[in-house]
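Step one of this worksheet: look at the structure below.
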Amino acid sequence: MTKKLLTAFAMMLAGSTAALADASDGKVKIGILNDQSGVYADFGGKSSYEAALMAVEDFGGKVLGVPVEVITADHQNKADIASNIARQWYDTEQVDSIMELTSSSVGLAVQALSKEKKKITINTGAATTELTGKQCSPYGFHWAYDTHALAVGTGGALVKQGGDSWFFLTADYAFGYSLEENTGNYVKENGGTVVGSVRHPLATTDFSSFLLQAQSSGAKVIGLANAGLDTSNAIKQAAEFGIVQGGQRLAALLFTLAEVHGLGLEAAQGLTLTEGFYWNRNEETAKFGKRFMERTGKMPNMVHAGTYSAVLSYLKAIEKAGSDDGDAVAKELRALPVNDVFAENGKVAENGRMIHDMYLLEVKKPDESKEPWDYFKVLATIPGSEAFIDPAKSGCDLVKS
Amino acid sequence: MTAALKEQNGAPRVVLSARGLRRDFGGFTAVNNVNLDVHDARVHALIGPNGAGKTTVFNLLTKFLQPTGGTITLLGEDITRMAPDKVARMGLVRSFQISAVFPHMSVLDNVRVALQRPNGLATQFWKPMSALDGLTAKADHLIRSVGLDKERNAVAADLSYGRKRVLEIATTLALEPKVLLLDEPMAGMGHEDVGMVAEIIREVALKRAVLMVEHNLSVVSTLCHHVTVLQRGEILAEGDYAEVSADPRVRTAYMGTEEV
Amino acid sequence: MTLTLDIDKPSEKKPAIVQTIFLAAGLALLVLAPLFFYPVFLMKLLCFALFACAFNLLLGYTGLLSFGHAAFFGGAAYFTAHAVKEWGLPPELGILVGVMGAAFLGAIIGFLAIRRQGIYFAMITLALAQMFYFFCLQAEFTKGEDGIQSVPRGHLFGFIDLSQSTNMYYFVLGVFIIGVAIIWRIIHSPFGMILKSIRENETRAVSLGYSVRNYKLAAFVMSAALTGLAGGVKALVFQFATLTDVSWQMSGEVILMTLLGGIGTLIGPLFGAGLVVTLQNYLATSEFPVTIITGLVFMVCVLLFRRGIVGEFYNSRLGRKLGFEHRH
Amino acid sequence: MIFGIPLQAFLGQLLIGLINGSFYALLSLGLAIIFGLLRVINFAHGAQYMLGAFFAWMLLSYFGIGYWPALIVAPLAVGLVGAVIERTMLRRLYTLDPLYGLLFTFGLALTIEGTFRYLYGASGQPYATPAALAGGTNLGFMFLPIYRGWVIAFSLVVCIGTWLVIEKTKLGSYLRAATENPILVQSFGINVPFLLTLTYALGAALAALAGVLAAPIYQVSPLMGSNIIIVVFAVVVVGGMGSIMGAIVTGYLLGVAEGLTKVFYPEASNIVIFVIMAIVLLIRPAGLFGRDV
């Protein structure tokens, strides 16, 4: 403490106000913590770290005159490892904020810890609306997407296109239920019906029996309320059983470009999904996509682009606040509009939710794809105000009603 | 049957008996229709050429194997379906063909393992080892009686083969069994040990029944009151040593292998 | 069962002073450790060390290889977390709930598994623990994939604030020492002697009239309960309980810790746990996936040094000189 | 209607159970053969299954070699890998407690899976259904993809073929004899160490064959093996290690049992095989086909 004061005093004498403002330790350190070897390794993975580095470079490598450093770690999709690393980063590595945080359990655990430590987290990888709902934190932000946005996007839009009867294949755990419930509600609100659902265990390899039930239900849309490998397997086997050819439509509720790439267009064609970003949407996004491609060998999905945006916004907020102190930065993050390659006129709500447009996408047929990674047709743009929960109804006690 | 009844009224009574004992392994019948009566205060020998099924009979009697057919009675109780440890607690204790000691325990501890069972110490996981001190005197007495006092603190694995067999007998006796089944107790022993073990068995048999498998026929002739000869899983002959050794079928069975 | 490598406690007649010195030095090290190391890391290490010691009670001293101990570890973590968070129990009672729950689970799994021996035993424990994993995945109170989060550490005996990491560390250290002391007592008791005799010659133990199944089951339940102690404390240290702790990989990890440290040595698992936990922590921030290393260490251990670190030390020239020589 | 389920759906699910059962049967068959001779529970069996699928995928994407050659080449390659592992490492463990074999192969499984996860990520690679078996046929009660029908037929042929080899040929009789008494067989002049290598290779190859069969159905993922191996263990416990035929029959039976659970009570479909295992253990600890030892 004394040492800190002395340093601050010395800097004041030197007349460097910027440095004074960021007196904590002479640098700003951002941690990218996510799954780099587990089932979500392709979802965000190591490429998210690369996205963060790009943001720092684009910002100029320094903020308030001190260097910005990015470190990364693999939590192997285990919340205990994630929490341990986060603690260690805060306690011994002077990390100022942690981002990405793929998977809901990791996201919630690290956000809760960071709240205790008064450090900023910006989540771009996890889906749960709890992050900005009941378990919201003054220091926690949710950037790229959430289960509600996915439900509204895929559920709502498909009903409007005539997909008004649904059957759900739901992963048998909290994440799956909330996806099914959110989507189901939205379908009903728009005048559709849910004819049935079947819950399958996590990490099921064989979906044939569930698909058979979905097939015989006669629903127009089969909603896949699951993630990762489960979704890939379900889609692959749906193709085998001729479900799409039979006139039914598949809607993957959490699926991104990275997974479409893994599955291949042959199996994935015709699939409808929602993302917060698509690289081939306009010139700016395409430019960003190609830069990202050069560094990582693949095109960015919403997690990667979201991470880029999150880091950029974080640095802007520090600059505006004149400090990397958690309270000050959190205040600026809520105040500043988000305008970058990821979001146009994005806005951070009181509960920490970054509200921006989402896109309803359809996977192209193999012969429609003109170049590598040209996978999606943009079917519709969902305005942020529709896509995300009204902060006043989110259940977050930070929102004054 | 009448003989057995008479004896039950008189001095030596039947403590262990088997009726129609049978055991199949796959298609092979290892033991077939064996009837056996073991009497209190008697030494009963089970002899026969290799592969005659002697050890299988032992395993059946002590319930280490389930019989395919027949019944076994111990002290008037039907034990045909009983678990082996229960049978042991009823007082039927056996030794094994291959010496069965606890190799990495001392001689003293080997005996103390057996001694703790009847007095309930064995379940006391919260007490220190010194709780067993009360058993040491009794254990030492047993060790002395089989002549292992010099090796008292040695680890069992370090003992010679013959000494291990002696130790096994000591642990068996520690349980004060009512019926003792000894599977080749003298096999692989030095000459002086054989004499000593024979003496121990003779003394033990004053108060309890002993059934033993033994190849050493001179031991059998001097020690045993009753002999049963087994061949290919069936009883070939029965009687005292003189009767059995006079039986021409027994002579044929043993011809070329051992002098009768 | 020949899995245990005849490594046993240091022989009693040799200089007890050396061992006392080692013990005192070790304790002093543990007491002073938070001055030099990151306390959360140390607490994790102690939890896993206790877990491995409890596991070793079964493998090293009874000769039973359980491939399902994660069920008790993770199960207790869930029970404790639930009791503390939802019922508002103080930490000491919460841990008790975890221990009882683990013991109960141990009784069920143990009862089924001891019906078979050796490899079958291992496979059955694995399968039953996997069943418990799926149960946890779907049960309401475990909160599925999210796990039970933000578990309050609370106040020990009502007045020691465990949210202070120093307090928490000494609490964990206390639990660890008590746990190891219990294990030591069990091993060096008349009961422990029977366990050892079962390990050395099961048939002989049966022929002496011991109902081997009951002894095995008792040892299994004790090991499960002590594992539960470790799991319950872990839930408080990290303030959550997740599926990771009930997965079969966790069962594999504790086997590795024990094997690496030295099966059948009292302090071996402590070293094994230390190495594995450090390795995982270190590799988490490197490029290289931890499973490859774990797998390779496993293979090397099984092929080349089955005695483990501590076992090899006991068996080395220095170890013998210091009076740690193993018996045969 | 059967138990409130339309007959058609019921038949469909029965057939699907049979398909899953095919994989269980092939895998538990290999496991049983290895255990019979080597007394090793091959924990790496799942990894070898995954290797089979991955080799098929690598053959296709690096060398353009398609499904049909892969069906032969991939099992051979995995068999070879198995033989090398047996010769150089596993062999040293035969004199020890069988549990060491389990631990060693557990480490092996982690290493193989970790390596593939490191190289190819966890999400899996696509493998197309061979053209000749693409499409499906309407059986009236369900739409059966031709490829799945092929999986049932082919695995049945392989299982019965393997059983015949073991029961009816000279090689098989050596194998069985060596299981009973290795020293006896050696004294007959049969090269037992070679027989052991061959057996392990055969078991690994069978696992790999199942992997190639699975590749067009599931994503080819480094994790596909670890997901299935524990279930196969339970299958083996239920069947008992006594007979080769037992392993096969139990595999199919439990596949069907699991399939039917998915209709009546899908939440329990992951658990049903373990529940059956627990019940069998209570009633017949040695397993359905196991010998009482």
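The values are calculated or read from the model by the stated rules, or taken from the named source; none is laboratory data. As the structure is a prediction and not an experimental result, all values here were calculated from the model. Counting neighbours? That spans all protein chains shown, and the Cβs are built from the backbone with ideal geometry, glycine included. SASA here: full protein model, heavy atoms, side chains in, ligands and nucleic acids out. Shrake-Rupley method; radii C 1.70, N 1.55, O 1.52, S 1.80 Å.
Here B:ALA246 and C:ALA16 are evaluated by their C-beta separation; at R0 = 56 Å the FRET efficiency comes out at 0.30. Computed over chain A with a Gaussian network model linking Cα atoms closer than 10 Å, the most mobile of A:PRO391, A:PRO201, A:PRO366 is A:PRO201. Restricting the calculation to Cα atoms, chain B shows an Rg/Rh of 0.98 when the hydrodynamic-style radius is the Kirkwood one.
For a quick check of your reading of the filter: which trypsin sites (Lys or Arg not before Pro) in region B:35-82 sit in a DSSP loop and have no more than 14 other Cβ atoms within 10 Å? Please list the in-between numbers first.
Working: sites: B:ARG42, B:LYS54, B:LYS63, B:ARG81; in loops: B:ARG42, B:LYS63, B:ARG81.
Filter output for region B:35-82: B:ARG81.
For chain A, the alpha carbon positions stretch 77, 45, 35 Å along the principal axes, listed from largest to smallest.
Rank B:LEU181, B:LEU148, B:LEU211 by mean-square fluctuation in a GNM of chain B with C-alpha springs under 10 angstrom and give only the top-ranked residue. In the Gaussian network model the winner is B:LEU148.
Of all aspartates and glutamates in the structure, the ones whose alpha carbon falls short of 12 Å from that of A:LYS160, not counting any fewer than 8 places away in one chain, are A:GLU189.
Could you work out how far helix D:192-214 tilts from the main Cα principal axis of chain D, as a 0 to 90 degree angle to the nearest 10? Taking the Cα atoms of chain D, the angle to D:192-214 is about 10 degrees. Per residue of chain B, the DSSP helices (runs of n ≥ 4 H) give a summed -39500 (n - 2.57) that works out to -10000 deg cm²/dmol at 222 nm.
For the protein assembly as shown, the residue among C:VAL233, C:SER150, A:ALA239 whose Cα projects farthest onto the positive side of the dipole built from Cβ charges is C:VAL233. Taking one quarter of the surface of the C-alpha convex hull of region C:15-321 gives a mean projected area of 16.7 nm². Across all directions, the average projected area of the convex hull around the alpha carbons of region A:22-76 is 3.8 nm².
Under a 1.4 angstrom probe, counting protein chains only, how are B:HIS39, A:HIS200 ranked by accessible area, largest first? Walk me through the numbers before you get to the answer.
Numbers: B:HIS39 30, A:HIS200 0 Å².
Largest accessible area first, the residues go B:HIS39, A:HIS200.
Entry note, chain D: the mean residue ellipticity at 222 nm calculated from DSSP H runs of n ≥ 4, each adding -39500 (n - 2.57), is -24000 deg cm²/dmol after division by the residues and rounding to the nearest 500. Highest mobility in the GNM of chain A, judged by mean-square fluctuation with C-alpha springs under 10 Å and restricted to A:LYS290, A:LYS370, A:LYS316, is found for A:LYS370. Estimated at the nearest 10 Å², the accessible area of D:TYR100 is 0 Å² with a 1.4 Å probe.
Based on DSSP H segments of at least four residues, each scored -39500 (n - 2.57), chain A has a per-residue ellipticity at 222 nm of -12500 deg cm²/dmol.
Stretching the chain fully between C:ALA181 and C:PHE159 yields a gain of 5.4 nm (0.36 nm per residue, less the alpha carbon separation). Relative to the Cα centre, the charge distribution of region A:207-297, modelled as +1 at Lys and Arg Cβ and -1 at Asp and Glu Cβ, gives a dipole magnitude of about 140 debye. Neighbouring Cβ atoms from other chains, within 10 Å of the Cβ of residues in A:254-266, number 2 on average.
Sort A:GLU350, A:GLU332, A:GLU116 from largest to smallest accessible area, using a 1.4 Å probe on the heavy atoms of the protein chains. Mind dumping the intermediate values first?
Working: A:GLU350 85, A:GLU332 30, A:GLU116 120 Å².
Heavy-atom accessible area, descending, gives A:GLU116, A:GLU350, A:GLU332.
Accessible surface buried at the A:C interface totals approximately 2300 Å², computed with a 1.4 Å probe on protein heavy atoms. Per the Debye calculation on region B:93-158 with a single equal scatterer at every Cα and no solvent contribution, log₁₀ I(q)/I(0) for q = 0.16, 0.25 Å⁻¹ amounts to -0.57, -1.22. Between A:ASN282 and D:VAL165, the modelled label-to-label distance comes to 6.4 nm, taking each label 7 Å out from Cα in the direction of the beta carbon.
Judged by the gyration tensor of its Cα atoms, with axes a ≥ b ≥ c, region C:192-307 is oblate; a/c meets the 1.5 cut and b/c is at least as large as a/b.
Using a probe of 1.4 Å, the accessible surface attributed to A:LYS287 totals some 150 Å² when neighbouring protein chains are kept in position. Taking a straight Cα-Cα cut-off under 17 Å and skipping sequence neighbours fewer than 8 places away in the same chain, the aspartates and glutamates within cross-link reach of D:LYS262 are A:ASP172, A:ASP206, A:ASP230. Across the options D:ALA122, D:ALA153, D:TYR218, the greatest Cα extent toward the positive end of the charge dipole of chain D (unit charges at beta carbon of Lys, Arg, Asp, Glu) belongs to D:ALA153.
Mean per-residue shielding of peptide C:183-196 is 6, counting Cβ atoms of other chains within 10 Å of each Cβ. Here the dipole of region C:15-321 is about 1080 debye; that uses its Cα centre as origin and unit charges on the Cβ of Lys and Arg (positive) and Asp and Glu (negative). Dipole orientation for the protein assembly as shown: of the candidates A:ASN339, C:CYS136, B:THR80, B:THR80 has the Cα lying most toward the positive pole (charges on Cβ; Lys, Arg +1; Asp, Glu -1). Extension gain, D:PHE10 to D:ILE279: 0.36 nm times the residue separation minus the Cα-Cα distance gives 94.4 nm.
Debye sum, Cα scatterers, region D:190-293, no solvent: what log₁₀ I/I(0) at q = 0.25 1/Å? Ignoring solvent entirely, the Cα scatterers give -1.34. Calculate how steeply helix D:244-264 sits against the longest principal axis of the alpha-carbon atoms of chain D, using the helix alpha-carbon long axis, and give the answer as 0 to 90 degrees to the nearest 10. The helix D:244-264 is inclined about 30 degrees to chain D.
Which links in A:LYS78/A:LYS320; A:LYS115/A:LYS377; A:LYS118/A:LYS393; A:LYS298/A:LYS320; A:LYS62/A:LYS119 stretch past 29 Å when you go from one Cα to the other? Mind dumping the intermediate values first?
On the way: A:LYS78/A:LYS320 35 Å; A:LYS115/A:LYS377 40 Å; A:LYS118/A:LYS393 25 Å; A:LYS298/A:LYS320 33 Å; A:LYS62/A:LYS119 20 Å.
From A:LYS78/A:LYS320; A:LYS115/A:LYS377; A:LYS118/A:LYS393; A:LYS298/A:LYS320; A:LYS62/A:LYS119, over 29 Å: A:LYS78/A:LYS320; A:LYS115/A:LYS377; A:LYS298/A:LYS320.
Counting only DSSP beta bridges whose two residues both lie in the protein assembly as shown, roughly 45 percent are antiparallel.
From the square roots a ≥ b ≥ c of the eigenvalues of the alpha-carbon gyration tensor of chain D, which class results: rounded (a/c under 1.5), prolate (a/b over b/c), or oblate?
Numbers: a/c = 1.70, a/b = 1.26, b/c = 1.35.
Oblate, since a/c reaches 1.5 and b/c is not below a/b.
Annotation: for a label point projected 7 angstrom from Cα along Cα→Cβ of A:GLU181, residues of region A:127-161 with backbone N closer than 16 Å are A:127-136, A:147-152.
For chain D, the longest principal axis of the C-alpha atoms and the axis of helix D:67-88 are separated by about 30°.
When nucleic acids and ligands are ignored and a 1.4 Å probe is applied, C:ILE95 ends up with an accessible area of around 10 Å². Net charge in the neighbourhood of A:HIS304 (other residues with Cβ under 12 Å of its Cβ; Lys, Arg +1, Asp, Glu -1) is 0. For C:LYS216, the lysines whose Cα falls under 18 Å of its own Cα, not counting residues fewer than eight places away in the same chain, are B:LYS86, C:LYS196.
Beyond 47 Å, the tail of the calculated P(r) for the protein assembly as shown holds 42 percent of the Cα pairs.
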